[in-house]
Amino acid sequence: MIVTFWLALRDAVQSLLANKMRSLLTVLGIVIGVGAVIAMLAIGRGAQNAITSSIEGIGTNLLFVMPGNIKPGSNPAAVSRHLTLGDVRALADPLAAPAVADVAPLVMRNEVVTAAGESHATSVVGVTPDYARVRNYHVTEGRFIDETDQAGRASVALLGPDAAKALFGRTEGLVGLMVRVRGQPFRIIGVLEPKGGGAMAGNQDDRVLIPLSTALARLTSHHNRVDVIMVSAISADQVNEARQEVTEILRRRHRLRPDQEDDFTIFTQDEFLGTFQTITSVLTIFLGGIAGISLLVGGIGIMNIMLVSVTERTREIGLRKALGARKRDILIQFLTEATLLSLIGGALGIGLGWGISALVGKIAAAAHADIVPEVGLDAVLMATLFSAAVGIFFGLYPANRAARLEPVEALRYE
Amino acid sequence: MPDLVIQVQEVTKIYRMGSVEVPALRGVSFEVSRGELVAIMGPSGSGKSTLMNILGCLDRPTSGEYILDGQPVATLNDDQLALIRNRKVGFVFQNFNLLPRLTAWDNVELPLRYAGMLRGTREKARAALEAVGLGERLHHKPNELSGGQQQRVAIARALVNNPAIILADEPTGNLDTRSGEEVMALLVSLNRDQGTTIVLVTHDPEIAAYAERVIHIRDGRIEKITTNRAAEEVAA
């Protein structure tokens, strides 16, 4: 059996080499198809990794509390309530909420920040000193916002590394310099270390942090309202307890009756992760599916050429049958040829896909997007199996036609 | 009772062209003994090609019986016929029908591979090529060989499975006179020295003259069977 297979393979190789140019062109469809599938899956996976790491980079054991009920299927009438500093203080009470470690409220505004003639549109975020711990932020120079800044509504600012580069062209030696937000001067007290994170999740390095009290006084009209309250649980397995405590406290403070829906929304980090992963997998499957269509077209190309080949080699088939080839022998011969064609295409396509992925990775790196395309072994395996299947599927009809030729007619064929 | 390799009894073949039935053979009966060199002769359209296809198990008769080497073959299915062709029939065609991509050696080995033989095929193929005087041309492809050499490769391929009969269809039709004579000399010597049964199909009386008996076909029937004195003298 193995010998038969090797001989069939030798025949197939010889026949493909006899028409090198044609074989190459035939295979091109599969090369492009497999290449596209591999590249799309790799880029999709890269995007997913980038999003996952940027969400994980936000911190650990986090809950995000947002005003209004924004989960799907909710009653829009319940959207009106806001989160206040009073809510923040209630959540920070260790007796009422033992599973909660830190509470970090923030307000965020898109502002144009200016410094030394440069201006840069970025997010200005008002945060408390706890924010550094909750978000796992560190500074490369200077210091973080402290309680004194918070209590005194100090006009101080921390720059993210990308914001620093945009304004000053560097990330060192900035402490003591001034930036202006809405025309008001802020003294730089530090620069944040780079967090990375994908372009899709928002650039975490392009922002300016100021004390929450300052932000509430200078950037907002309701000096009591916060946009988001970040809550960290005391450990990863206490996330659900923390969520329950936060829900109870806020419902009581907002005086909700048991039949009323929440007027706030809590996301856990896992939920964020799950949502983004669903989005990226749908995107990946979609792109992979489009790429798969070109694989189908490639398969039809193989079928076409195999049909031509069967017609061209009618005499050869007749002769082989005269020499004692059975239907099965002819079938195997042509199937081997079709499968070999598409497997060669698959192999070249894997190379092409890998090349495209590497190229996209380079371009993404040049654009400061942290998408590193990853060609997975499963994708390679799938592409190989798929191209073999395409060869067998689209080779079956021509091979069957060859096998069923009548030897007398085939020998007479001119 | 002589050892009969071919027994043809009342064989008919009718082709269907749409609704019209075209009879190609209208009841043919004859026998060939083992070791004979027989020619089937007739003008084109006489039915000799149809007869050759049936003798070579490439086609089945519409009615009648054909027994090849003791095996009734008229009702076998396609794969069984393929097996019979492989084991019992060696073909030599007018236009050689060698596979152009394969070397002489590979061409001759082909029937052994379809026989499912795993070991010793290379040696057997080489021996067959040496037997037709082409031991030096193992690695040549058909387009590197002369017409006469190509036909000798084809004869080696026909011989390699030790078939019961060799069917040669106008074996010299595409050759110049000298190569044609060489090929015929080879076939005659195979018949005389190794007792190979050979059936020649031809329209050329000069080729038919090599045979001991000539079966004349006309309009799908045997017109006459003649015995060739000259061939008997050669045989003697």
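Residue order for B:124, B:224, B:141, B:13, fewest other beta carbons within 10 angstrom first, comes to B:224, B:141, B:124, B:13. For the stretch B:29-74, the calculated P(r) over all alpha carbon pairs, in 5 Å bins from 0 to the bin holding the longest distance, is 5, 18, 28, 27, 17, 4, 0 percent.
Start at zero, step by 10 Å, and the Cα-Cα distances of the stretch A:332-414 spread as 17, 30, 22, 15, 10, 5, 2 percent across the bins. Each Lys or Arg adds one and each Asp or Glu takes one away; over the other residues whose Cβ falls under 9 Å from the Cβ of residue A:254, this sums to +2. Here the protein assembly as shown carries DSSP beta bridges of which approximately 70% are antiparallel, counting only pairs with both residues inside.
Per residue of chain A, the DSSP helices (runs of n ≥ 4 H) give a summed -39500 (n - 2.57) that works out to -18500 deg cm²/dmol at 222 nm.
Taking A:347, A:47, A:325 in turn, the Gaussian network model of chain A (Cα-Cα springs below 10 Å) assigns the largest fluctuation to A:325. Hydrodynamic analysis of the stretch A:276-372 uses the Kirkwood radius over alpha carbon pairs. Inserted into Stokes-Einstein at 20 °C and 1.002 mPa s, it gives a translational diffusion coefficient of 126 µm²/s. Sorted from greatest to least, the principal axis extents spanned by the alpha carbons of the stretch B:4-235 come out as 49, 41, 33 Å. Under the criterion of Cα pairs below 8 Å and six or more residues apart, the relative contact order for the stretch B:4-235 equals 28 percent. Of all DSSP-defined beta bridges confined to the stretch B:145-236, some 55% are antiparallel rather than parallel. What list of whole percents do you get for P(r) of the stretch B:1-123, with Cα-Cα distances grouped in 10 Å bins up to the one holding the largest distance? For the stretch B:1-123, the binned pair fractions read 11, 36, 34, 17, 3, 0 percent.
Projecting the alpha carbon convex hull of chain A along each direction and taking the average yields 29.1 nm².
At 1.002 mPa s and 20 °C, plugging the Kirkwood radius over alpha-carbon pairs of the stretch A:82-253 into Stokes-Einstein gives what diffusion coefficient in µm²/s? It comes out at roughly 128 µm²/s. Within the stretch A:89-232, DSSP assigns beta bridges of which about 75% are antiparallel (rounded to the nearest 5).
Between the Cα long axis of helix A:269-312 and the first principal axis of chain A there is an angle of about 20°, rounded to the nearest 10. The fewest-to-most ranking of B:15, A:137 by surrounding Cβ atoms within 10 Å reads B:15, A:137. Taking 18 Å as the cut-off, the amide N atoms of the stretch A:214-255 that come nearer than this to a point 7 Å along the Cα-to-beta-carbon line of residue A:275 belong to A:227-232, A:240, A:243-244, A:247.
Quick check on the stretch B:133-177: take the gyration tensor over C-alpha atoms, sort the square-rooted eigenvalues as a ≥ b ≥ c, and tell me if it's rounded (a/c under 1.5), prolate or oblate. Oblate is the answer for the stretch B:133-177, as a/c is 1.5 or above yet b/c matches or exceeds a/b. Once you list every other residue whose beta carbon is under 13 Å from the beta carbon of residue A:309, what net charge do they have if Lys and Arg are +1 and Asp and Glu are -1? With Lys, Arg at +1 and Asp, Glu at -1, the net is +1. With 24 Å as the limit on Cα-Cα distance, the pairs of A:20/A:321; B:48/B:124; A:20/B:141; B:88/B:141 that go past it are A:20/A:321; B:48/B:124; B:88/B:141.
Diffusion of the stretch A:240-318 by Stokes-Einstein, at 10 °C in a medium of 1.306 mPa s and with Rh set to the Kirkwood radius over alpha-carbon pairs, works out to 86 µm²/s. In this simple spin-label model, placing a label point 7 Å from the Cα along the Cα-to-Cβ direction at both residue A:19 and residue B:146 gives a separation of 3.4 nm.
All of the numbers you see were taken from the coordinates with simple rules; none came from a lab. Note that the coordinates shown come from a computational prediction; the quantities given were computed from them, not determined experimentally. Cβ: placed from backbone, ideal geometry, glycine included. Neighbour counts: every protein chain shown.
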